[in-house]
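Presented below is the structure to which this report refers.
The values are calculated or read from the model by the stated rules, or taken from the named source; none is laboratory data. On a predicted model such as this, the values are computed, not experimentally measured, just so you know. Counting neighbours? That spans all protein chains shown, and the Cβs are built from the backbone with ideal geometry, glycine included. Only protein heavy atoms, including side chains, enter the accessible area calculation; ligands, DNA and RNA are left aside. Shrake-Rupley method; radii C 1.70, N 1.55, O 1.52, S 1.80 Å.
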Amino acid sequence: MTPSAWQHRTWLAALAFALGGTAHAQTTLRMSDLFPTAYPFGELTAEFAEDVAERTQGQVKIEVFPAGSLTPPQQCFEGVLQGLSDICQAVLAYTPGRFPLMEVVDLPGYPASGMVTTMVANDIYQQFTPKELEQVKVLYVHAHPPGSIMTVDKPVRTLDDLRGMKIRSTGLSARILEALGASPVSMPITQAYDPLKRGVVEGTDGTFNSLRYYRFAEVTDYTTLSSDVGYVSTFAVVMNRSKWDALPEDVQAALETLADEYMIKAGELWDRIEQEGLDFGKEQGHTFIPLADDEAQRWRDAVLEPLHSSYVERANKAGLPGQEILDARQAAIEKHAEVYPPIEPPVGK
């Protein structure tokens, strides 16, 4: 060993002793995120990465790949299993049938609150510990509040108004629109602005924040306040199980504490940007249409019982206690709705 090499090794040993006798190598984890950096949830991911480095005293660094640049959103979860990424933010509905238990969270029937949907998602995960997620380490889950229907130039006040209209949607939201008599057009929400502007579609399903962050208030004139039957999407921030198991226990504990905090931050952020979307829509002269009580009941009758019964049947076929899971979800909604009030959209312009 050369004198310089010996001196370098001696210096490292002295440093390790000064820090408590143990020197941990830095671990860099690659995180695949579907959100672009400029979107509020992209910003939250960046904040999460910074906090991980701080809480682990630099032992863990997260390198974020935004906007699906590492793995496409539909392949995000599988990418973690295969080691293409170490962490990802997965939309569970992007792989239909893969998460039969957690599908219950996405069913319609919520008040307009991201905190409620997020707390319900966590309650269901904690209560039933789904086998479908055992292959990964779940850091935290969250869920956006229920969506409503935004239309270009035709106000929708009744099911008759909606019948046959071409409305952009995907997945569960398409099934909801079919139940309401509309004609769903499959299209990612990120690609909807130009088709709405050109009249290729007559409207879109979406949460209120899309009025601002996807600029839908520029190309739609009306929102029918139909969150009672609106779709929900569950997001899961998950980590490769082998990568998790390789982390020191103190690092794992720090990450679990941080993940609990970010679950709450995510629910609060959903509600904040929903309000921002409503405020932006109002500034743009967007009109918000409430459903009359009897009409709202017609919409609920058309959607809730059929979709809920369909879930129970699918879950039972998958060997799950479908009705028990659905009942637990309803109990969680009622519990958290007492704590977190719904967002109150404006009526009219």
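For the reader, a short list of remarks on this structure follows.
- Scanning segment 211-221 for residues that are assigned to a helix (DSSP H, G or I) and open to solvent by 40 Å² or more (accessible area, probe 1.4 Å) returns 212, 213, 218.
- Any strands (runs of 3 or more DSSP E) falling wholly within segment 113-210 and containing at least 3 residues that are buried (at least 19 other Cβ atoms within 10 Å of the Cβ) and in contact (Cβ under 8 Å) with a residue 40 or more places away in the chain: 136-143, 148-151, 203-206
- Qualifying positions in segment 329-339 - open to solvent by 20 Å² or more (accessible area, probe 1.4 Å), in a helix (DSSP H, G or I) and among the aliphatic types (A, V, I, L, M): 331, 337
- Qualifying residue in segment 297-310 (condition: in contact (Cβ under 8 Å) with a residue 60 or more places away in the chain, part of a loop (DSSP other than H, G, I, E, B) and closer than 23 Å to residue 174 by Cβ): no
- Test result for residue 279, among the acidic types (Asp, Glu) and over 24 Å from the mean Cα position of the chain (by Cα): no
- Residue in segment 47-59 that is closer than 22 Å to residue 246 by Cβ, in contact (Cβ under 8 Å) with a residue 24 or more places away in the chain and touching a strand residue (DSSP E or B) at 6+ places or on another chain (Cβ under 7 Å) present: yes
- Reported count of residues in segment 194-250, each being within 19 Å of residue 162 (Cα to Cα), among the hydrophobic types (A, V, I, L, M, F, W, C) and out of contact with any Leu (no Cβ under 9 Å at 6 or more places or on another chain), is 3.
- Pair list, Cβ under 9 Å, 6 or more apart: segment 85-102 residue free of Cβ contacts under 8 Å to residues at least 12 places away in the same chain, other residue open to solvent by 10 Å² or more (accessible area, probe 1.4 Å): 97/103; 97/314; 97/318
- Picking from residues in segment 249-275 that are in contact with a Phe, Trp or Tyr (Cβ under 6 Å, 6 or more places away or on another chain) and farther than 21 Å from residue 344 by Cβ, the one that is most open to solvent (accessible area, probe 1.4 Å) is 263.
- Residue 102, sole failed condition from (1) open to solvent by less than 10 Å² (accessible area, probe 1.4 Å); (2) closer than 28 Å to residue 38 by Cα: (2)
- Among residues that are open to solvent by less than 30 Å² (accessible area, probe 1.4 Å), among the aromatic types (Phe, Trp, Tyr) and at pLDDT 95 or above, residue 41 is included.
- Those residues of segment 74-97 which are within 23 Å of residue 177 (Cα to Cα) and open to solvent by 40 Å² or more (accessible area, probe 1.4 Å), in sequence order: 74, 93, 94, 96, 97
- Residue list for segment 59-104, filter: more than 30 Å from residue 327 (Cβ to Cβ) and part of a helix (DSSP H, G or I): 73, 74, 75, 76, 78, 79, 80, 81, 82
- Condition check for residue 44: hydrophobic (A, V, I, L, M, F, W, C), outside any helix (DSSP H, G or I) and out of contact with any His (no Cβ under 7 Å at 6 or more places or on another chain): no
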